[in-house]
Amino acid sequence: MGWSLTVGRIAGVAIKIHVTFWLLMLWIGVSAARAGGLNAAAQSLAFVALLFVCVVAHEFGHILVARRYGIATREVTLLPIGGVASLQRMPDTPRRELAVALAGPAVNLVIALVLFAALGSFGVASVAGLANPGVSMLARLAAANLVLAVFNLLPAFPMDGGRVLHALLAMRMSEARATELAANVGQACAFVLGFLGLFGNPMLLFVAIFVYVAAAEEAGASRLKQGLKGLTAGDLMETRIASLPLEASLQEALNLALTTEQSHFPLVDAFRKPAALATRAALLGAVQTRDPGEPAESVAQAPAQSISASTRAEKAFELLQAGEISALCVVDEAGALVGLLPRSALAERMLFSAAKPGWRMPREAARP
Ligand SMILES: [Zn+2]
């Protein structure tokens, strides 16, 4: 996510704080200072900081369970409305999706229970006094964790409760139908939240807009992904592509690039195995800074990421979505290049399949 500052790294996951969160801290600090002086400001900021430690713990609930299923996470971003963990992909079965979704709120529930236990009965009474500065900070923190757990379990896609609902539905019906239903419930929730936000906490209004847009996006992405069902990387790849020998110079690469609109140029060895991949932008950009005699490989990404032509299209989609790479080299059983699958081409084919369900693109035989 843009406009974020990396503040640290926990278990290989970058912790980022979005600029809007710094602005929120500033606003809380300034308004608390104006109302009750510097001491009050420090107290308020300390509370928000502690609360966001709990939000990070919540995200790590998701992250660590996902990791058990072999799903890596690159970063967690803190926004004023909560944390967002960028999981590499969604879990592949409803049961796993359920476990990952429940793990976050479960962490807040445990924190709340531990704090309430430590505080004794006084803690329970403080739930009503969440906004009361007279109540001890730990009691407020315990109450806030309870609120976090309950709030996140609202069935508003893509909040955790929405994922729980989606997983439960997907156990009983097709993935497409489950997503459609969960997204509809999520958008209905967004309307209710927005309505409450109009009369109460304006923060709810932001959450409502976020939920509404995200639910629509999720439903759209799911419909597009349905279009990939039953297809392989070989069905989707671009086959009329030009490649370069591994030892090609920048000059040769540029000469080739200027004869085509191709977005990526595989550099192949003597057995046509892709060794590196140069983007069009990198080649054209090198004109200013490099010598034409330098090897084209010096501006390419190496090694090139290759997948077999028989790989499921959904798998190719996940790879392109998760990684920093923008194209996959498609290879035959011997590992020789037969095609190219850039992200843009995949998106185009997905739109095409969504518009014409069931249509099979006529495929010419891949070149040897
Ligand atoms: Zn969560």
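Since every read-out is calculated from the coordinates, none of them should be taken as a lab result. For clarity, every value in this text was computed on a predicted model and none was experimentally measured. A quick note on method: Cβ atoms are made from the backbone with ideal geometry, for glycine too, and the neighbour counts reach across all protein chains shown.
At R0 = 35 Å, how high is the FRET efficiency between Ala302 and Val53 if r is their beta carbon distance? Nearest 0.05 is fine. Spell out each step's value before the answer.
Values: r = 40 Å, r/R0 = 1.15.
FRET efficiency, Ala302 to Val53: 0.30.
I'd like the orientation of helix 137-152 relative to the chain: the angle between its Cα long axis and the longest Cα principal axis, in ° from 0 to 90, rounded to 10.
Between helix and principal axis, roughly 50 degrees.
By how many degrees, 0 to 90 and rounded to 10, does the Cα axis of helix 175-199 deviate from the longest principal axis of the chain?
Tilt of helix 175-199: around 40 degrees.
Using just the Cα positions, wrap segment 1-109 in a convex hull and report its mean projected area in square nanometres, one decimal place. Walk me through the numbers before you get to the answer.
Values: hull surface 29.3 nm².
The directionally averaged projection comes out at 7.3 nm².
At 7 Å along the Cα-to-beta-carbon direction for both Ala188 and Gln88, put a label point, then send me their distance in nm to one decimal.
It is 3.7 nm.
Label point 7 Å out from Ile209 along Cα-to-Cβ: which residues of segment 151-166 have amide N under 20 Å?
Of the residues in segment 151-166, 156-159 have backbone N under 20 Å from the label point off Ile209.
With N residues in segment 231-365, what two-decimal value do you get for its Cα radius of gyration over 2.2 N^0.38 Å? Numbers along the way, then the final one.
Details: Rg = 15.1 Å, N = 135, 2.2 N^0.38 = 14.2 Å.
Computed over Cα atoms of segment 231-365, the ratio equals 1.06.
Restricting the calculation to Cα positions, tell me the Rg (one decimal) and the Dmax (whole number) of segment 190-269 in Å.
Taking only Cα atoms of segment 190-269, I get Rg and Dmax of 24.0, 67 Å.
Binning at 5 angstrom from zero up to the longest distance, how are the C-alpha pair distances of segment 20-175 distributed in percent?
Percent of Cα pairs in each bin: 2, 9, 16, 18, 17, 14, 11, 7, 4, 2, 1, 0.
When Lys and Arg each count +1 and Asp and Glu each count -1, what net charge do the other residues less than 11 Å away from Ala176, Cβ to Cβ, add up to?
In short, +2.
Can you give the convex hull volume of the alpha carbon atoms of segment 126-276 per residue, in Å³? Intermediate values should be presented prior to the final figure.
Working: hull volume 35.8 nm³, N = 151.
Looking at segment 126-276, the number lands at 237 Å³ per residue.
Roughly speaking, what % of Cα-Cα pairs in segment 280-329 are separated by over 18 Å, rounded to a whole number?
Numbers: 545 of 1225 pairs.
Tail fraction, whole percent: 44.
Can you give the net charge of the other residues whose Cβ lies under 13 Å from the Cβ of Val65, counting K and R as +1 and D and E as -1?
Numbers: positive: Arg67, Arg68, Arg95, Arg96, Arg163; negative: Glu59, Glu97, Asp160.
After counting each charged neighbour, the total is +2.
Once the cut-off is 37 Å, how many percent of the Cα-Cα pairs in the chain end up in the long-distance tail?
Details: 24300 of 67528 pairs.
In whole percent, the long-distance tail amounts to 36.
Round to the nearest 10 and give me the degree value, 0 to 90, for the angle of helix 94-119's Cα axis relative to the longest principal axis of the chain.
On a 0 to 90 degree scale, this one is about 30.
Take Glu294 and Leu198, extend 7 Å from each Cα along the Cα→Cβ direction, and tell me the distance between the two endpoints in nm.
5.9 nm
State the answer as a single residue: which of Met350, Phe157, Ala144 lies farthest towards the positive end of the charge dipole of the chain, with beta carbon charges of +1 for Lys and Arg and -1 for Asp and Glu, about the Cα centre.
The listed residue farthest towards the positive side: Ala144.
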